[in-house]
1. Going by what's in this entry, would Ala23 be described as under 21 Å from Arg134 (Cβ atoms) and touching a strand residue (DSSP E or B) at 6+ places or on another chain (Cβ under 8 Å)?
2. Cβ contacts < 7 Å: first residue among the polar types (S, T, N, Q), restricted to the range 130-147; second residue part of a helix (DSSP H, G or I) and surrounded by 10 or more Cβ atoms within 10 Å (Cβ to Cβ), any location; separation 6+ or different chain. Result?
3. Which ones in the range 45-65 are part of a loop (DSSP other than H, G, I, E, B) and either more than 30 Å from Thr77 (Cβ to Cβ) or touching a helix residue (DSSP H, G or I) at 6+ places or on another chain (Cβ under 7 Å) (or both)?
4. Of the residues Ile120, Ile103, which is of a type in the set (A, V, I, L, M, F, W, C), closer than 20 Å to Ala8 by Cα, assigned to a helix (DSSP H, G or I) and at pLDDT 95 or above?
5. Are any residues in the range 1-21 part of a loop (DSSP other than H, G, I, E, B), buried (at least 16 other Cβ atoms within 10 Å of the Cβ) and over 11 Å from the mean Cα position of the chain (by Cα), and if so, which ones?
Amino acid sequence: MPDGLIVAAIVAVNAAGDVIDPATGKVVAGARTADGKGLADARVLLTQGSIVPASPGENTTIGVVATNATLTKTQVTKVAEMAHDGYARAIFPSHTMGDGDTIFALATGTRAGDADVSRIGTLAAKVMADAIIRAATQATGIPGYPAARDLK
């Protein structure tokens, strides 16, 4: 940020739901169509009742948000909680029984002064959603498991 605040995120995505770009509403990764050549839309499948629930332990999205602000343990916990909004913005459905979604948060304390936890948490949600989109669009496939970029 212009005032020197840094809020960043890194994430590993293996979500049970689709990855949806919040800026466009477009599905960028997720369940494939029956022919395996395109992406189905979990939002449609869910309303039709045709989603097969993932079993517990099969999927997870795990991430870290970090800031250079000085935060207490309680404040950094709030930042982690707010960062989960990034999951909800970029993954549908998110936090299902088949997901082990977790976010860790940390504050380095290298930026002195009072910290606006609401601002940091809001930015944490944004950068987490951005990181999820990057993870999905930059991933590469392996034999038998195409990446989103392989599906046209």
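The values are calculated or read from the model by the stated rules, or taken from the named source; none is laboratory data. Model, not experiment: these values are computed from the prediction. All Cβ positions, even for glycine, are placed from backbone atoms using ideal geometry, and neighbour counts span all protein chains on display.
1. No: the conditions fail for Ala23.
2. As it stands, the answer is Thr137/Ala148; Thr137/Arg149, since those pairs meet every condition given.
3. Once the filter is applied, which keeps residues that are part of a loop (DSSP other than H, G, I, E, B) and either more than 30 Å from Thr77 (Cβ to Cβ) or touching a helix residue (DSSP H, G or I) at 6+ places or on another chain (Cβ under 7 Å) (or both), the range 45-65 yields Gly49, Ser50, Ile51, Val52.
4. Within the list Ile120, Ile103, the selection yields Ile120.
5. Scanning the range 1-21 gives Leu5, Ala16.
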